[in-house]
Amino acid sequence: MKKTISILAAVAIASGIAATSSCKKKSDDSMTPVATQTLYDSLGGTTMVADPSNSGQMIEQGRLGIRSVVDSTIFVIAADTALNKFFPVLLSEVTAGNLSGFAALSKNLTDFFCVATGAQNFTYAGMDMVKAHDPAQNPRMNGKAGTADFDQFVADLVVGAKKVGLSDQLIGQVGAVVNTTRTQVVQK
């Protein structure tokens, strides 16, 4: 686990360096921003593809990729006894055949990651990360997460992302985005 966190930290640092060095010097000595590819672009971007979950509908390939990772990770977490204890409401709904909570969670997380990875065509309208992970403000949560819980979430995210074929490089970049929420999610 420490290795995963170290890799994520290295990716975050490398991303920061890349972001700050993305200017090109013009002949008149002024700096001009160079268009850089966002993580969303790397995940498929705005290319429209058929949505395998919604017959006859199209979806941005980047959003489809993110939704695939999100949904896969939700299923990994549901099977993980170290984390599923935080989601008894969701698990009882799904067990009873009610997928509305799952669909809402999937959409919110997909929107969040689309925006966080640079998508321009989506907005995140869900709770901020502090409220979403505080059971006093979000009755669907059961308990506050600690550092070990967050680390386990990152491990489950890696498993979920690998299940849908995300490359190690992209997993590291997505992990760096997730790690930016650590101080908001870890509340105990």
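Summary table
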read-out: Pair list, Cβ under 6 Å, 6 or more apart: segment 113-129 residue closer than 14 Å to Thr180 by Cα, other residue aliphatic (A, V, I, L, M) and surrounded by 14 or more Cβ atoms within 10 Å (Cβ to Cβ); value: Phe113/Ile66; Ala116/Val177; Thr117/Leu39; Met129/Val185
read-out: Residue that is farthest from the chain's Cα centre (by Cα) [pool: residues in segment 88-127 that are outside any helix (DSSP H, G or I) and buried (at least 20 other Cβ atoms within 10 Å of the Cβ)]; value: Ala119
read-out: Tally of residues being assigned to a loop (DSSP other than H, G, I, E, B), loosely packed, with under 15 Cβ neighbours inside 10 Å and touching a residue at least 40 places away in the same chain (Cβ under 8 Å) across segment 56-87; value: 1
read-out: Those residues of segment 91-143 which are within 15 Å of Val185 (Cβ to Cβ) and among the charged types (D, E, K, R), in sequence order; value: Asp128, Lys131, Asp134, Arg140
read-out: Matching option when the condition is at pLDDT 95 or above and closer than 15 Å to Gln173 by Cα, among Ile59, Ile17, Ile66; value: Ile66
read-out: Checklist (1) at pLDDT 95 or above; (2) more than 20 Å from Phe122 (Cα to Cα) applied to Tyr40, failing item; value: (2)
read-out: When residues of segment 150-174 are limited to those that are of a type outside the set (Ser, Thr, Tyr) and assigned to a loop (DSSP other than H, G, I, E, B), the one surrounded by the fewest Cβ atoms within 10 Å (Cβ to Cβ); value: Gly165
read-out: Count of residues meeting criterion [hydrophobic (A, V, I, L, M, F, W, C), assigned to a loop (DSSP other than H, G, I, E, B) and either surrounded by 16 or more Cβ atoms within 10 Å (Cβ to Cβ) or within 16 Å of the chain's Cα centre (by Cα) (or both)] in segment 128-149; value: 1
read-out: Residue match in segment 91-100 (condition: closer than 25 Å to Met48 by Cα and of a type outside the set (Phe, Trp, Tyr)); value: no
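The values are calculated or read from the model by the stated rules, or taken from the named source; none is laboratory data. Everything quoted here is computed from the prediction, not taken from an experiment. Cβ coordinates were reconstructed from backbone atoms using ideal geometry, including for glycine residues, and neighbour counts include every protein chain displayed.
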